[in-house]
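Working notes, structure below.
The values are calculated or read from the model by the stated rules, or taken from the named source; none is laboratory data. Bear in mind that the values here come from a model prediction, so they are computed numbers and not experimental data. Note: ideal-geometry Cβ built from the backbone for every residue, glycine included; neighbour counts use all protein chains shown.
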Amino acid sequence: MIGAAAGEADVAAFRRGLARGERGWAGLTLPWDADLRALALVDCDLSGAILRGARLEGVALAGARLVQADLRKADLRGASLVRADLRGADLRGADLRNADLTKADLCEADLIAADLRGAMLDGIAVSFGCRAFAGVRLSGDAVRQLYSLILMTRRTIPRSSARSTRCARCSKCRSIRRSRSTPPSSAPRCRVAESALAKLAAFDVALRRRTRMRRPASGSHGTERVEFEPGLGDLLELRYAPSRRFLGREPVHENLLIELAYPLPEAAPATLRPAHVLYRAGSDRITYQASSAVSTFTLVEASPARYVVDAALSLLTPEIDFEHRGPHQLAGQILVVR
């Protein structure tokens, strides 16, 4: 009883501090099953906090710093963790169903047996080589989003480092690593480190209102032009030329068409739903074409002057692949000037 009373006193003191506007709670220790519902923890520093089994359903944790926090078995259903810093956090067995983890940093987080069904994972930072994901429960869009990130990172992990359990390339991960047993040259890359490879921001973007594309026939071998016709949604046309990024030899022209299921001005800042995607690349002829993709598109800004869309695509099973490149990845921000 004494221990229970002390735990309740700690929770009460925490609530009073929040009411006074205190945001620095690094190293906080609360008892198992602490009831923290209805609290506003936006931008709080909870680094190293021990919150095992805490009840955090629907709590606002946007921008919170939870580096190396102990959240084992915590109930985070429906919590808002947008841009939260969860590097190295212990989330084993945590219930994150329907939580919003948009742009959260999960590098080196331990997610063994966590429940992520229905969670929003757009733009998350995660290093797949850092910790095990055994027993993680996923569903729907969460599967698609994580699978897309796996495809985007798997080609950057050398075979010699397949057994590595630490990420040394990402400066964020490096700040919390306990050791440097794996040399940086051979450590697996964290998803955050991929930002240097993102090239979509260099594409010229045109917005075609109420337009859809007539995709080339499967046997066209890249000779058929893409035709446009009136449609229900808008179409983003991205062009990049010249470029040596794709073949590594002669300049290459790239073209990416993203057909949306609805007009862009009617979309709220959230995940966009593409109807079709078509990517083509080549110089004097088309050497790569893919219309099957795992992708995430998130509208992060919609102002009178522009739209900003965070995009990540993994192009699968290309119809044309003369150079035998296999799956191809694109990522970055798409800037659409109105």
List pairs: first residue in the stretch 322-338 and more than 23 Å from residue 235 (Cα to Cα), second residue among the aliphatic types (A, V, I, L, M) anywhere in the structure, Cβ distance under 8 angstrom, at least six positions apart or on different chains.
323/247; 327/151; 327/315; 327/316
Those residues of the stretch 316-338 which are more than 19 Å from residue 297 (Cα to Cα) and either part of a loop (DSSP other than H, G, I, E, B) or in contact with a helix residue (DSSP H, G or I) (Cβ under 9 Å, 6 or more places away or on another chain) (or both) amount to 317, 318, 319, 322, 323, 324, 325, 326
Criterion (modelled with pLDDT under 80 and either assigned to a loop (DSSP other than H, G, I, E, B) or farther than 25 Å from residue 273 by Cβ (or both)) met by exactly one of 118, 88, 93, 123:
123
Scanning the stretch 284-312 residue by residue, those surrounded by 14 or more Cβ atoms within 10 Å (Cβ to Cβ) and either of a type in the set (A, V, I, L, M, F, W, C) or outside the structural domain of residue 214 (by TED's automatic domain parsing) (or both) turn out to be 286, 290, 293, 294, 297, 299, 300, 302, 308, 309, 311, 312
Which residue out of 281, 331 is crowded, with 20+ Cβ neighbours inside 10 Å and under 22 Å from residue 100 (Cα atoms)?
331
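A quick yes/no check of all residues on (1) touching a residue at least 12 places away in the same chain (Cβ under 8 Å); (2) farther than 18 Å from residue 90 by Cα; (3) not assigned by TED's automatic domain parsing to the domain that holds residue 99; (4) not in a helix (DSSP H, G or I):
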position	(1), (2), (3), (4)
11	yes, yes, no, no
16	no, yes, no, no
21	no, yes, no, yes
26	yes, no, no, yes
33	yes, no, no, yes
38	yes, yes, no, yes
58	yes, yes, no, yes
67	yes, no, no, yes
The condition of being within 27 Å of the chain's Cα centre (by Cα), at pLDDT 90 or above and not β-branched (Val, Ile, Thr) holds, among 17, 27, 48, only for 48
For the stretch 103-115, name all the residues that are outside any loop (DSSP other than H, G, I, E, B) and closer than 13 Å to residue 71 by Cβ.
110, 115
Would you confirm, using the coordinates I've provided, whether residue 54 is surrounded by 14 or more Cβ atoms within 10 Å (Cβ to Cβ) and touching a Ser or Thr at 6+ places or on another chain (Cβ under 8 Å)?
no
